[in-house]
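I have placed the structure first, in the form of C-alpha cells, so that the comments after it can refer back to it.
The values are calculated or read from the model by the stated rules, or taken from the named source; none is laboratory data. Remember, predicted model here, so these are calculated numbers, not experimental data. Backbone-built Cβ (ideal geometry, glycine too); neighbour counts: all protein chains shown. Side chains are part of the model used for accessible areas, which takes the heavy atoms of the whole protein and leaves out ligands, DNA and RNA. Shrake-Rupley method; radii C 1.70, N 1.55, O 1.52, S 1.80 Å.
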Amino acid sequence: MPKENQVTGVRPYDNPAGGWGALRATAKAIAEQMHAVDASRTLLRTNKPDGFDCPGCAWPDKKHTSTFQFCENGAKAVTWEATKKRVPPEFFAAHSVTELLTWSDHALEDAGRLTHPLRYNPATDKYEAVAWEAAFAEIGQHLRAMPSPDAVEFYTSGRTSNEAAFLYQLFVREYGTNNFPDCSNMCHEATSVGLPHSIGFGKGTVPLEGFDHCELIIAIGHNPGTNHPRMMGTLHEVARRGVPIIVLNPLRERALERFADPQDPLEMATLGATPIASSYLQVKVGGDVAALKGIMKALLEMEEETGGVLDQAFIAAQTQGFEAFAADLRATSWEAITAASGLARADLAGVARAYARANATIVTYGMGLTQHVQGTENVRQVANLLLLRGNFAKVGAGICPLRGHSNVQGNRTVGITEKPSAALLGGIESVFGFTPPATHGHDAVAAMQAIAAGQSRGLICVGGNLAVALSDPEQCATAMRGLDLTVHLGTKLNRSHLLVGRHSFLFPVLGRTEQDVQESGEQVVTVEDSMSMVHASRGRLPPASEHLRSEAAIIAGMARATLPDTKVDWEALVADYDRIRDAIAGVFPDFAGYNERIRTPGGFQLPMPPNQLVWNTPTGKAMFRLFPGLAEEPAARDKDVLRLTTLRSHDQYNTTIYGMDDRYRGIFGRRDVVFMNERDLARRGLAHGSQVDVEAVCADGRPRTLRGYTAIAYDIPEGSAAAYYPEANCLIPLDYADTQSGTPGYKSVPVKIATAG
Ligand SMILES: Nc1nc2c(c(=O)[nH]1)N[C@H]1C(S)=C(S)[C@@H](COP(=O)(O)OP(=O)(O)OC[C@H]3O[C@@H](n4cnc5c(=O)[nH]c(N)nc54)[C@H](O)[C@@H]3O)O[C@H]1N2
Ligand SMILES: Nc1nc2c(c(=O)[nH]1)N[C@H]1C(S)=C(S)[C@@H](COP(=O)(O)OP(=O)(O)OC[C@H]3O[C@@H](n4cnc5c(=O)[nH]c(N)nc54)[C@H](O)[C@@H]3O)O[C@H]1N2
Ligand SMILES: [Mo]
C-alpha cells in the first residue's frame, strides 16, 4: 500500500495464521476477562473427557480424549463466558433500557454475566429483579391467554444442550405449536433441506478419522482459522501428508494459505509455517454454482475423452438422474461459467484433474455456500460433484458441512424443527401420551414476518440475539417492540433483550463452563458435533451467581406454570438429566442406551446412512439434482451493482463482538470498512481509504444504506465486496432469502457503492 494512502487501522499482516500472534491474543483475552489462575484451570478442562464441550465451534476432537488442543478463539469463547464481570440488579437500576440501547453490541455484552432473573418495569423503563416462581406464573398466564399457541414464536440458538432442547420442544409441542425458529434457519438450513433431496440425509457423512485417509480436500466458503480453529490442527496434518487442499473462496483467508500450529514446537521456534491450500481459487461472491458446474463439466469432458473418470458402477447402482444432469452440464457454456464464477476454464479443469486423481475426496463447506438465495442449490451441486466419483460410503470421502454453534446439530436431532416428521410426532405421542401438533410452524424469517405483521404476539428465546442476527434489524426491532410477551434466556446482555414488549423477562442461565447441580446431584449435559458424535459436557466452575438456573430448569418452570394438565413430570425430569436422556431414547431409536453410551469417553456416533449406501430419498437412490442455469439474481447484471458478502471478523462470535481487530485481514481497532477490488474502486472514482455509502439494491425499493464506511483496497474478485456482519445486516431485506430453505442471502447482497453523500 503506498504511504500517502495510509488508512487508520489498516495495515498488512504478514505472519501466518496461528503461531505467536495467536498466543499473544489468547493472553490478552484472558487478561481482559479472567483471573489468570482460574483461566488456565478452566481452559485445561476444555474438551477433556471429564470436562466441558468448548462453546466455540462444532468441530470434533479426537474422541474427546486428546490433550487440550490450543485454540485462540476457543479461549476467547471460554473466557468471555467465564469472565469475572457481572451485571447485577444494581446495574439495571443505574441504566434504563432506553439508555442501554445507545450502547454498542460490544459494550452490552462486555458489561458481564447476568446474575438475577429480571422483569421489565415500563413505569421506570428498567429491568428489575423478580423471583423465579413469580416470573414463571406470570409467563404461564400470558401464554394461556394468547389467541392461539401459533401466536407465539419459540427461538433456539444452538448453544443449548440436547437435554434442554428436548424439554423445550416438548413444552412447546404440548403447548400446541411447531413455531421453532432457530439459528440453523440462518446458517445450515440449506444443508438440512438440500442434502435430504440428494442423499437422503441432512448432515455430514465424514467422521473425523476420514481426514486421515482422504486424498483431496475441496474447501468451499469457510474460514476455519477464525471460525473452526480446531479444524486447523486437522488441515495442518492433512497438508503435511502431502494431500492437496483446493480452496474456493473470494477472499484469501490467511489460515487457508499458511498456518503455524502453536502445538508444534519446531514451527514455533523457527517462526515457520505450513502451507495449507495447494490451490486457491478466488471465486466471485455468489459464483459457486458456476464454479462447481465448471469442475463437473470438465470432468465430463475428461470422461468423454479418456473414460475411467466417473464412477460408472456407483452411478448405475446407487443414483438416479445422471443423464438429465449431464445433459444440462453439456448445455451450459464455458463462457457463462467463467463469467459467473470469475474463474478461468483452465483453473476449473485443473480442479477436475486433481479430483479425478483422488481415490477419496472430502468437500468441506460453510456459510460462503449456504447463505445465498440459492443456498440449497449450491449444496446440491456439492452432492452432485461427490456422486460423480462415488465419494460416499468410502473411507476418507464424503461431504462435510461445518456446523455453526457448538450444538446446533444436536438441537435439530432432538426435535427443534418447524417441520416435524411423522416419526418424531409418533415418538412423542407414544412416550408422553399427548398428540403434538403436525401443522408446520415458522422458521426464523417467517417468525419475524409474523411478528412484524402482528400475527404473533409472543417470543421466547433460548439464547441468541435474534433481532441483530436476522436481516433488517431495524424492522426486527420495531416488530419485537410490538409484542405482548418477550422472554429471553441468556448469559450476557444483548440488544434483543432490550427490545421490550408489553411484558418482558430476562433470565440468566448457567453456561457450559459451570457446574449444574440438581436434586439428584451434579449433572452432565450432552451435545452433538459436526460429525454426529454425541458426548457429555460437564461444567466445573462455580456458577456466575447463586441465582442462575439451568436452561432445562427454566424451561421446565415455564412449562409447569403454563400447562396445568401437563402429561409430563417436569420436576422429575429436571431432578436427574438421565431421565431426560431416557425420554430422548424413547422418542428417538438412534439414542437407545443413551445414558450408558455417553459414559464411554468420546461418546457415540449417530448413524450416517449414506455410509451404508442407504439413501432415504423417495426413490431409495441418491439423486443427481438438476439446477438449470447459473445466475443468482438479475440485479447482478447491472454493471454498477456489486455482490456484497457479510463476514465474521477474527474477534467476534456471531453478534458477540469480543474486540475490534480482524488481525489476519489486517484490520485493527475498527469494523466500519468495506473490502473492494482496486479496479472497482477506480471505476467509481474511489481510492483506498475513501469514505463511501453502501446502498442496497432491493426489490422492495425501500432505501437501505450503510453510511460513512471506509473503502479498503483488497484482494477480492472484481464485482465482489465484503463487510462485517452484523453491522451490514441493515442492507438486507427480511425476505431476501432462499425460497427452498428460508436461509437469508447474507452472502450475496446486491449493492451500489459511491462516495459518501
Ligand atoms: N470465532 C468464531 N467461531 C465461530 C463463529 C464466530 O462468529 N466466531 N460462528 C459460528 C457459527 S454460528 C458459524 S455458522 C460458523 C461460521 O463459519 P464460516 O462459514 O467460516 O463463517 P463466515 O465468516 O461467515 O465465513 C464464510 C467464508 O465464506 C467466504 N465467502 C463469502 N461469500 C462467499 C461466496 O459467495 N462463495 C464462497 N465460496 N465463499 C464465500 C468468506 O470469504 C469466508 O471466508 O462458525 C462458528 N464458529
Ligand atoms: N449478515 C449476516 N447475518 C448472519 C450471519 C452472517 O454470516 N451474516 N450468520 C448467521 C448465523 S450462521 C447464525 S448461527 C446467527 C446467530 O444468531 P444467534 O445464535 O441468535 O446469535 P448469537 O450472537 O450467537 O447469540 C449471542 C447471545 O447468546 C447468549 N448466550 C451465549 N451463551 C449462551 C448459553 O449457553 N445459553 C443461553 N441461553 N444463551 C447464551 C448470550 O446472551 C449472547 O448475547 O446469525 C446469522 N446472521
Ligand atoms: Mo451459524
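Hey, does the range 27-39 have a residue that's at pLDDT 90 or above, of a type in the set (Asp, Glu) and farther than 21 Å from HIS650 by Cβ? Looking through the range 27-39, none of the residues is at pLDDT 90 or above, of a type in the set (Asp, Glu) and farther than 21 Å from HIS650 by Cβ.
Within the range 534-592, the set of residues being under 26 Å from the mean Cα position of the chain (by Cα) and over 29 Å from THR46 (Cβ atoms) is empty. Taking the range 190-200 as the range and being within 15 Å of ligand 3 (Cβ to nearest atom) and open to solvent by 10 Å² or more (accessible area, probe 1.4 Å) as the test, only SER192 passes.
Residue check: ALA687 meets all listed conditions (1) within 23 Å of LYS284 (Cβ to Cβ); (2) assigned to a helix (DSSP H, G or I) but one, namely (2). Checked against the criterion of being surrounded by fewer than 18 Cβ atoms within 10 Å (Cβ to Cβ), in contact with a helix residue (DSSP H, G or I) (Cβ under 9 Å, 6 or more places away or on another chain), under 21 Å from GLY200 (Cα atoms) and aliphatic (A, V, I, L, M), the range 318-340 contains not a single residue that satisfies it. Condition test on MET480, is it more than 16 Å from ligand 3 (Cβ to nearest atom), in a helix (DSSP H, G or I) and either open to solvent by 10 Å² or more (accessible area, probe 1.4 Å) or without any contact (Cβ under 8 Å) to a residue 60 or more places away in the chain (or both)? For MET480, the condition - more than 16 Å from ligand 3 (Cβ to nearest atom), in a helix (DSSP H, G or I) and either open to solvent by 10 Å² or more (accessible area, probe 1.4 Å) or without any contact (Cβ under 8 Å) to a residue 60 or more places away in the chain (or both) - is met. Whether a residue is small (Gly, Ala, Ser) and open to solvent by 10 Å² or more (accessible area, probe 1.4 Å) was assessed, and ALA556 does not pass this test. Residues satisfying the criterion are present in the range 657-668 (criterion: open to solvent by 10 Å² or more (accessible area, probe 1.4 Å), in contact with a strand residue (DSSP E or B) (Cβ under 6 Å, 6 or more places away or on another chain), within 30 Å of ASN494 (Cα to Cα) and away from ligand 2 (no atom under 16 Å from the Cβ)).
Every test in (1) part of a helix (DSSP H, G or I); (2) under 30 Å from VAL289 (Cα atoms); (3) of a type in the set (S, T, N, Q) is passed by THR619 save one, and that test is (1).
On the stretch given as the range 275-300, residues that are part of a loop (DSSP other than H, G, I, E, B) and within 16 Å of ligand 2 (Cβ to nearest atom) total 2. Taking (1) closer than 26 Å to ALA452 by Cα; (2) touching a Gly at 6+ places or on another chain (Cβ under 8 Å); (3) more than 10 Å from ligand 1 (Cβ to nearest atom) in turn, VAL751 satisfies each apart from (2). Quick check: is even one residue across the range 135-157 touching a Pro at 6+ places or on another chain (Cβ under 8 Å), in a helix (DSSP H, G or I) and open to solvent by 10 Å² or more (accessible area, probe 1.4 Å)? Yes, there is a match, as at least one residue in the range 135-157 is touching a Pro at 6+ places or on another chain (Cβ under 8 Å), in a helix (DSSP H, G or I) and open to solvent by 10 Å² or more (accessible area, probe 1.4 Å). Taken across the range 605-615, residues that are within 16 Å of ligand 3 (Cβ to nearest atom) and not hydroxyl-bearing (Ser, Thr, Tyr) do not occur at all.
Among the candidates GLY586, GLY539, GLY602, the residue that is at pLDDT 95 or above and either surrounded by fewer than 23 Cβ atoms within 10 Å (Cβ to Cβ) or out of contact with any Leu (no Cβ under 6 Å at 6 or more places or on another chain) (or both) is uniquely GLY586. The residue list GLY458, GLY454, GLY464 contains one member that is small (Gly, Ala, Ser), more than 28 Å from TYR724 (Cα to Cα) and open to solvent by 10 Å² or more (accessible area, probe 1.4 Å), which is GLY454. Within the set ARG581, ARG549, the sole residue that is surrounded by fewer than 22 Cβ atoms within 10 Å (Cβ to Cβ) and of a type in the set (D, E, K, R) turns out to be ARG549. Checking the range 403-425 against the condition returns no match, with no residue being surrounded by 24 or more Cβ atoms within 10 Å (Cβ to Cβ), more than 16 Å from ligand 3 (Cβ to nearest atom) and not in a loop (DSSP other than H, G, I, E, B).
Residues of the range 385-402 that are within 20 Å of ALA316 (Cα to Cα) and crowded, with 24+ Cβ neighbours inside 10 Å: LEU386, LEU387, LEU388, ASN391, PHE392, ALA397, GLY398. Looking across the range 243-291 at every residue that is more than 26 Å from the chain's Cα centre (by Cα), of a type in the set (A, V, I, L, M) and crowded, with 19+ Cβ neighbours inside 10 Å, the one that is farthest from ASN227 (Cα to Cα) is identified as VAL243. Look at the range 170-183: where a residue is under 15 Å from GLY427 (Cα atoms), no partner that is among the polar types (S, T, N, Q) sits 6+ places away or on another chain with Cβ atoms under 6 Å.
Pairing residues of the range 384-413 that are modelled with pLDDT of 95 or more with residues that are away from ligand 1 (no atom under 16 Å from the Cβ) and among the acidic types (Asp, Glu), at Cβ distances under 6 Å and at least 6 apart in sequence or on separate chains, gives ARG389/ASP311; GLY390/ASP311. Count of the range 105-123 residues, restricted to those that are surrounded by fewer than 20 Cβ atoms within 10 Å (Cβ to Cβ) and within 13 Å of ligand 2 (Cβ to nearest atom), is 5.
Applying the set (1) in contact with a Ser or Thr (Cβ under 9 Å, 6 or more places away or on another chain); (2) farther than 25 Å from THR655 by Cα; (3) within 16 Å of ligand 1 (Cβ to nearest atom); (4) not in a strand (DSSP E or B) to SER192 leaves exactly one unmet item: (2).
For the range 342-372, the candidate set comprises residues that are in contact (Cβ under 8 Å) with a residue 60 or more places away in the chain and among the small types (Gly, Ala, Ser); within that set, the residue that is farthest from ligand 1 (Cβ to nearest atom) is ALA360.
For the condition modelled with pLDDT of 95 or more and farther than 24 Å from TYR658 by Cβ, GLY501 qualifies.
Scanning the range 698-745 for residues that are open to solvent by less than 10 Å² (accessible area, probe 1.4 Å) and hydroxyl-bearing (Ser, Thr, Tyr), we see that the one that is nearest to LEU343 (Cα to Cα) is SER720.
Against the definition (within 12 Å of ligand 2 (Cβ to nearest atom), over 24 Å from THR376 (Cβ atoms) and of a type outside the set (Ser, Thr, Tyr)), how does ALA723 come out, yes or no? It is true that ALA723 is within 12 Å of ligand 2 (Cβ to nearest atom), over 24 Å from THR376 (Cβ atoms) and of a type outside the set (Ser, Thr, Tyr). Only one residue in ALA469, ALA450, ALA444 is within 16 Å of ligand 1 (Cβ to nearest atom) and in contact with an Asp or Glu (Cβ under 8 Å, 6 or more places away or on another chain). Which one? Matching residue, one of ALA469, ALA450, ALA444: ALA444. Of all residues in the range 222-273, those satisfying the criterion of being in a strand (DSSP E or B) and either within 16 Å of ligand 1 (Cβ to nearest atom) or out of contact with any strand residue (DSSP E or B) (no Cβ under 6 Å at 6 or more places or on another chain) (or both) are ILE245, ILE246, VAL247, LEU248, ARG258, PHE259.
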